[in-house]
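Student: One structure, as structure tokens, below. Some questions next.
The values are calculated or read from the model by the stated rules, or taken from the named source; none is laboratory data. These numbers were taken from a predicted model, which means no experiment stands behind them. Every residue, glycine among them, receives a Cβ derived from its backbone with ideal geometry; neighbour counts consider all protein chains shown. Each accessible area value is taken on the protein alone, full model and side chains, heavy atoms only, with ligands, DNA and RNA left out. Shrake-Rupley method; radii C 1.70, N 1.55, O 1.52, S 1.80 Å.
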Amino acid sequence: MTRVRRWLPGLLLVTPSIIAIAVFVYGMLGWNFQLAMTDKHDEVSEGSFVGLENFFTLWDQKRWGISVNHAVVFTVVFVFGALLLGWLLAFLMEKGIRGEGTFRAVYLFPMAISFVATGVVWRWLMNSGQGERAVGLNRLFDSLGLEFLQWQWFRDPDWGMAAMAIPAIWQMSGYVMALFLAGFRGVPEDLREAARVDGCGEWQVYRHIVLPMLRPVTLSALIILGHISLKVFDLIVAVSGKQIITDVPAVFMWVAVFDSHDPAKGATIASYIVLAVSVFVIPYLVWTLRRERRS
């Protein structure tokens, strides 16, 4: 009875959350995968079980391949861009500057804005008009005499998705900066001083002492940014709409379900998105559990 009294209040406290997660997260995921294994390609038929047929036939569609390629380009540019800019901002802040609190607030402010609002603003900034029709960044370049920097931005057929990652980098780099800044401040000053006494220069201190201790922070930031990029939807739609030139799996899923009225195809695309996110999340969870057991 003593043991029951210890764990029963805590169990009763978390039971509603456990039930909600089981039903609305894992239950819905299970229903989605079940729907993806049927031939319910309209909204009125019952649909029968077809196994993994939808998962294979989806790769025969040209638009799916285009959306996957776009997602890969967006993920690479966004993740590495946000990591690099966030690390650089944290490095400058860690050195100690006047008004540090103000700069932290300024860098973190974009994260408080929704991707939709960010997309609306950056749609104007990345307008592809040039010359007399230029607005946004192209207009700025024209005013500064830097016409050669004018670009089609997200309408460029080759590097449009790289340009699409710029608003995401702007929005999330402040969050990454906060993670790295906390990591920088968590490195004991005694270790840095010991390295300097042993003859290490400032760059060697960062290379051999500080940066290795930032690996957990870097991994956490990588996981967070990676899963955000793989399921990005609102930013893409707010900037360019449902265009093939900036198509990604989440946008393709929306078109399949609400425009083409094909629930099975939409569920299949959603299943691929979940599996792609799992590639980032599951190894991180395993690594975290192993680390906690060792400590």
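Student: Suppose we look only past 25 Å in the calculated P(r) of the chain. What percent of the Cα-Cα pairs does that tail hold?
Tutor: Percent of Cα pairs beyond 25 Å in the chain: 63.
Student: Moving on. In region 206-276, if every C-alpha pair distance is counted and binned at 10 Å from zero, what percent goes to each bin?
Tutor: Final binned percentages: 18, 36, 21, 14, 8, 2.
Student: Over the Cα atoms of region 1-55, compute the convex hull volume and normalise it per residue, giving Å³. Show your work: numbers first, answer last.
Tutor: On the way: hull volume 6.7 nm³, N = 55.
Hull volume normalised by residue count: 122 Å³.
Student: Here's another thing I want to ask about it. Under the definition of Cα pairs under 8 Å and six or more residues apart, what whole-number percent is the relative contact order of region 1-65?
Tutor: Details: 25 pairs, mean separation 11.5, N = 65.
It comes to 18 percent, rounded to a whole number.
Student: Setting aside same-chain residues fewer than 8 positions from Lys95, which aspartates and glutamates have a Cα under 18 Å from its Cα?
Tutor: Once the sequence-local aspartates and glutamates are set aside, what remains near Lys95 is Glu189, Asp190, Glu193, Glu202.
Student: Also, quick follow-up: Along the Cα-to-Cβ line of Arg294, 7 Å from the Cα, sits a label point; which residues in region 211-231 have backbone N less than 19 Å from it?
Tutor: Residues passing the 19 Å test: 211-223.
Student: Kirkwood hydrodynamic radius, region 77-168, all distinct C-alpha pairs: what's the number in Å? Intermediate values should be presented prior to the final figure.
Tutor: Working: mean 1/r = 0.0665 Å⁻¹.
Its Kirkwood hydrodynamic radius stands at 15.0 Å.
Student: Given N residues in region 1-123, what is Rg(Cα) / (2.2 N^0.38 Å)?
Tutor: On the way: Rg = 24.1 Å, N = 123, 2.2 N^0.38 = 13.7 Å.
Cα Rg divided by the expected 2.2 N^0.38 Å: 1.76.
Student: Could you sort Glu94, Glu46 by accessible area so the largest value comes first, with the probe set to 1.4 Å?
Tutor: Working: Glu94 35, Glu46 165 Å².
Ranked from most to least accessible, the order is Glu46, Glu94.
Student: Expressed in nm to one decimal, what extension gain is obtained for the pair Ser48 and Leu11 from 0.36 nm per residue of sequence separation less their Cα-Cα distance? All intermediate terms of the calculation are to be shown ahead of the outcome.
Tutor: Values: separation 37, 0.36 × 37 = 13.32 nm, distance 4.00 nm.
Between Ser48 and Leu11, full extension yields 9.3 nm more.
Student: Another one. Mind ranking Lys62, Lys40, Lys95 by accessible surface for me, highest first, 1.4 Å probe?
Tutor: Values: Lys62 165, Lys40 40, Lys95 100 Å².
Ranked list, largest accessible area first: Lys62, Lys95, Lys40.
Student: Compute the semi-axes of the equivalent ellipsoid of region 238-287, taking the square root of 5 times each eigenvalue of the Cα gyration tensor, and list them largest first in whole Å.
Tutor: On the way: eigenvalues 130, 43, 8 Å².
Semi-axis lengths for region 238-287 are 25, 15, 6 Å.
Student: Would you look at the GNM of the chain, springs on alpha carbons closer than 10 Å, and say which of Arg192, Arg104, Arg139 moves the most?
Tutor: Its mean-square fluctuation being the largest, the pick is Arg192.
Student: Carbon and sulfur together cover what percent of the accessible area of the chain at a 1.4 Å probe radius?
Tutor: 66 percent
Student: Full extension from Phe55 to Phe24: what is 0.36 nm times the residue separation minus their Cα-Cα distance, to one decimal in nm?
Tutor: Stretched out fully, the Phe55 to Phe24 stretch lengthens by 8.8 nm.
Student: Subtract the Cα-Cα distance of Leu140 and Glu193 from 0.36 nm times their separation in residues, and report this length gain in nm to one decimal.
Tutor: Working: separation 53, 0.36 × 53 = 19.08 nm, distance 4.63 nm.
Extra length from Leu140 to Glu193 when fully extended: 14.5 nm.
Student: By a straight-distance test (C-alpha under 17 Å), which lysines pair with Lys62 as possible cross-link partners, with residues fewer than eight away in the same chain excluded?
Tutor: Straight-line reach from Lys62, under 17 Å: Lys242, Lys265.
Student: Can you sort Val279, Val116 by 1.4 Å-probe accessible area, starting with the largest?
Tutor: Values: Val279 100, Val116 75 Å².
From most accessible down to least: Val279, Val116.
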